[in-house]
Amino acid sequence: MLEGLIVAIVVLAASAYAAWALMPVSARLQLARTVAGIAGGPAAPPWLGRLAARLERAALRRGGGQCAACDARPAAPDRRPPAGG
Amino acid sequence: MTAHAHTLDPMRVALVGVPNSGKTALFNRLTGSRQKVANYAGVTVERKEGAFVGPHRQRLYRVLDLPGAYSLTPTTLDEAITRDFLLGRLADEPAPEFVVCVVDATNLRLNLRLVLELRDLGVPMVVALNMSDLAESRGYRLDHALLERELGVPVVETIAVEHGGDRHLLEKLESLPHPGPRLPAAWSEPSFEQIQRTHREVRRILQAAGYIEPLRQRALSRLDEVVLHPIAGPAILAAVLFFVFQAVFSWAAVPMALIDHAVSWTGGLIRQSLPDGLLRSLLVDGVIGGAGSVLVFLPQILILFLFIIALEDSGYLPRAAYLLDRLMGSVGLSGRAFIPLLSSFACAVPGIMATRTIPNLRDRLATIMIAPLMTCSARLPVYALIIAAFISNRPVGPFNLQGLVLFTLYVAGILAAMAVAYLLKRTALRTAYHPLLLELPEYHWPHVNNLLIGLWERAKVFVRRVGTIILALMIVLWFLSSFPTPPPGATGPPIVYSFAGMLGRALEHVFAPLGFNWQISLALVPGLAAREVVVGALGTVYSLSTSAHDVASTLAPMVAQTWSLATALSLLAWYVFAPQCLSTLVVVKRESNSWRYPLFMVAYLFALAYGASFITYRVASALLG
């Protein structure tokens, strides 16, 4: 029973993370704002507000339309003083 | 601006020079914080204006820092603005009354063409020999008086980055009479012969002025004569790339074996520690079998990037760009496409973003469309798995057969990109060819620190990727491969009855003509999120399909047993063209501001991949039996 519960939690968390990471930034922001709207309700618990704020920050971070492997340094043809100068 | 009483008419001075000549540093030295930054009318080229008062005659100088230009024949918008400003062709911008042409004293050959063109315009001018201290310390020899005589315009030394480094220039400006307003100048674009004549004149002037480059510089010039030679250059480039791909396989063997053992040991430990059940299956088949089998390829990725960083640091990559410009021009691509395409070997996303440097929209779209055909690093684990499983590790002459195959796959991607570019540039995206103008940096020994930092960053990115999105997808795939459980009395492996098994069987109908079994067909789906996930997905699927204990370490032998060589070659062909990962498609949409281009990209890449795999499979099956 406990084993099944642990596995269910891990699978749900992985699914949520994968969906979030692959979502475009605009969709993530939309989702974060929806949560923020719910958190703004009178009966909403305080942790929901904190979660909404975290989601909004995370939505703007790398992911979605970007790619975690994509900070590879593009070849720099010149490393002399700044261009234009 | 100060409140001094200015006894003379203000003088409009333009600072002109090739990029990186230290022009902006000199502008800052002259004007300090008295600057106004705006744009030239109607364009996004920065206009920087400042002012200062001459120390002796109290004359007010209004100074404009013009965009860098190699000559008056523009190849960029920046250069066009500079030319038009100097000729007095810009609306609301009278021609400058005086020009200070800033030249880099350590690179006179490149800088003097612009000086001669300005002199021929008849603009009152002084040449500021900037970085003269650096030139002297590096061993450059030049007789300034002779240079001044040969050019026929005043020449002064400046050190823009040093306090008081503008002293000689200020003295010269103050000593000159006000030239008075200038009318727009007549100018026509020089012919090829005229440009050649100007270059000959540059060489003559430098010789007459006793210009001697240091021994090291002369040796490097000789080296460039070989490296950039039309025949020797491409041969050297091919040899360098060849060596890189050989090393990716031969150098990585030991560290890969170590990671492999560590992954297997961890799997064994979990198997011994946990009773048979869901959690053990999740950890062993999903996490270790999936993410673990991707982690094994870390050494190969690091070796590839070791060479990329070293080649970049050494100054060789811009030379490779120069060599390949002719090839790119022959298919109609802009020379500026080289850097975005080179970046795409790491990942198509930064490559596509780097196309912003291409001013022509059609050139840019053509580059975006072919960027995914450059073999990104995420494809390396897929190639490496199949090559290790099917290609024997034996020498072919001085080469290693596995490295040879990998090299061929990279070349196939490049050739496919060139072919697609050729078609696009002759149909929907036709434009004139714009040559690449590139200042070649000096050669350097790669800095060990740069190498180590670059590799560390790359390793972090890869491990983070394995530990986050790949791990998450493997867990989801494990769930889909484990549920629903087999019905009572089922005889096949449980995965056959799962969601993933059903999906794999459905997809098999589409991919069977390519020789793909249902496991491969299924693995292609999460591979859309990230290419290397295919390897992890195969690890998880095979782990659940068989009773083998260490799939992470036996994946290559397992696929070698279950696939035919024709299937393996077909999958390699698929991944040369494979439809892009989601991140790339989203970035294409964002950069093109339209869904038309990503949809076209998916369609043409899918058609190419399917066609290439189909032909490969059929031909290989016919030949191999």
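The values are calculated or read from the model by the stated rules, or taken from the named source; none is laboratory data. Treat the numbers as computed from the prediction; the structure is a model and nothing was measured. As a convention, Cβ positions derive from the backbone with ideal geometry for all residues, glycine included, and neighbour counts pool all protein chains shown. Each accessible area value is taken on the protein alone, full model and side chains, heavy atoms only, with ligands, DNA and RNA left out. Shrake-Rupley method; radii C 1.70, N 1.55, O 1.52, S 1.80 Å.
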Please report, in debye to the nearest 20, how large the charge dipole of chain B is about its Cα centre when each Lys and Arg carries +1 at its beta carbon and each Asp and Glu carries -1 there. 820 debye
Whole-percent carbon and sulfur contribution to the accessible surface of the stretch B:302-426 (1.4 Å, no ligands, DNA or RNA) stands at 70 percent
What is the antiparallel percent of DSSP beta bridges lying wholly in chain B, to the nearest 5? 40 percent
Just grab the label-to-label distance for B:His163 and B:Thr562, each label 7 Å out from Cα along the Cβ direction, in nm (one decimal). 7.4 nm
Result for chain B, cysteines with no Cys Cβ partner under 4.7 Å, is B:Cys101, B:Cys376, B:Cys581
Using alpha carbons only, how many degrees (0 to 90, rounded to 10) separate the axis of helix B:448-465 from the longest principal axis of chain B? 40 degrees
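To the nearest 20 debye, what is the magnitude of the charge dipole of the protein assembly as shown about its Cα centre, counting +1 on the Cβ of each Lys and Arg and -1 on the Cβ of each Asp and Glu?
Working: 61 positive and 47 negative charges, 185 e Å.
It works out to roughly 880 debye.
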Skip the ligands, DNA and RNA, and give the accessible area per residue of chain B with a 1.4 Å probe, whole Å². 43 Å²
Longest principal axis of chain B (C-alpha) makes with the long axis of helix B:108-121 (C-alpha) an angle, in degrees to the nearest 10, of 50 degrees
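Buried accessible area for the A:B pair, summed, 1.4 Å probe, in Å² rounded to 100? If you can, show how the numbers build up before the last one.
Details: alone 7010 and 28410 Å², together 31900 Å².
Approximately 3500 Å², summed over both chains.
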Would you jot down the residues in the stretch B:279-303 that end up with at least 20 Å² less accessible area in the complete protein assembly than in the chain alone, with a 1.4 Å probe? B:Leu279, B:Leu282
Among B:Val244, B:Pro299, B:Trp265 the positive-end extreme of the charge dipole of the stretch B:215-331 (Cβ point charges): B:Val244
I'd like to know which of B:Pro395, B:Leu365, B:Leu406 lies farthest towards the positive end of the charge dipole of the stretch B:302-426, counting +1 on Cβ of Lys and Arg and -1 on Cβ of Asp and Glu. B:Leu365
Given unit charges at Cβ for Lys, Arg (+) and Asp, Glu (-), the dipole magnitude of the stretch B:461-624 about its Cα centre in debye, nearest 20, is 380 debye
Using alpha carbons only, how many degrees (0 to 90, rounded to 10) separate the axis of helix B:253-273 from the longest principal axis of chain B? 50 degrees
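With contacts defined as alpha carbon pairs under 8 Å and 6 or more residues apart, what's the relative contact order of the stretch B:302-426 in percent?
Values: 122 pairs, mean separation 29.7, N = 125.
Reported as a whole number, the value is 24 percent.
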Any residue on another chain or 5+ positions along whose placed amide H is under 5 Å from the amide H of B:Val102 is listed here as B:Val16, B:Gly17, B:Ala128
Residues other than B:Val331 with Cβ under 10 Å of its Cβ, Lys/Arg counted +1 and Asp/Glu -1, net out at +2
Along the positive direction of the dipole of the protein assembly as shown (beta-carbon charges: Lys, Arg +1; Asp, Glu -1; about the Cα centre), which of B:Ile309, A:Val25, B:Ala320 reaches farthest? A:Val25
The rounded separation in angstrom of the Cα centers of the stretch A:8-62 and the stretch B:560-611 is 31 Å
Run the accessible area of the stretch B:442-542 with a 1.4 Å probe and give the carbon-and-sulfur part as a rounded percent. 73 percent
Once normalised by the length of chain B, the mean sequence separation of its alpha carbon contacts under 8 Å that are 6 or more apart gives a contact order in percent of 11 percent
Check: C-alpha center the stretch B:75-122 vs C-alpha center the stretch B:204-256, spacing in Å is 32 Å
Taking the alpha-carbon centroid of each part, what is the distance from the stretch B:45-67 to the stretch B:267-307 in angstrom? 64 Å
For the stretch B:64-72, what does the Karplus curve 6.51 cos²θ - 1.76 cosθ + 1.60, with θ = phi - 60°, yield as ³J(HN,Hα) per residue in whole Hz, taken in order and with x for Gly and Pro? 10, 8, 7, x, x, 8, 7, 7, 7
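Looking at the square roots a ≥ b ≥ c of the eigenvalues of the Cα gyration tensor of the stretch B:428-543, which shape do they give, rounded for a/c under 1.5, prolate if a/b is larger than b/c, or oblate?
The shape class here is oblate.
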Run the numbers on the stretch B:584-614: which residues show a drop of 20 Å² or more in accessible area, chain on its own versus all protein chains together, using a 1.4 Å probe over heavy atoms? B:Val586, B:Arg590
Taking a virtual spin label 7 Å from the Cα of B:Leu223 along the C-beta vector, which residues in the stretch B:295-322 bring their backbone nitrogen under 11 Å of it? B:314-316
Simple spin-label model, 7 Å along Cα-to-Cβ: B:Leu146 to B:Leu452 in nm? 4.7 nm
Which of rounded, prolate or oblate describes the stretch B:461-624 when judged by the alpha-carbon gyration tensor and an a/c cut-off of 1.5? oblate
Fully extended, how many nm does the chain gain between B:Ala208 and B:Asp276 (0.36 nm per residue separation, minus their Cα-Cα distance)? 15.8 nm
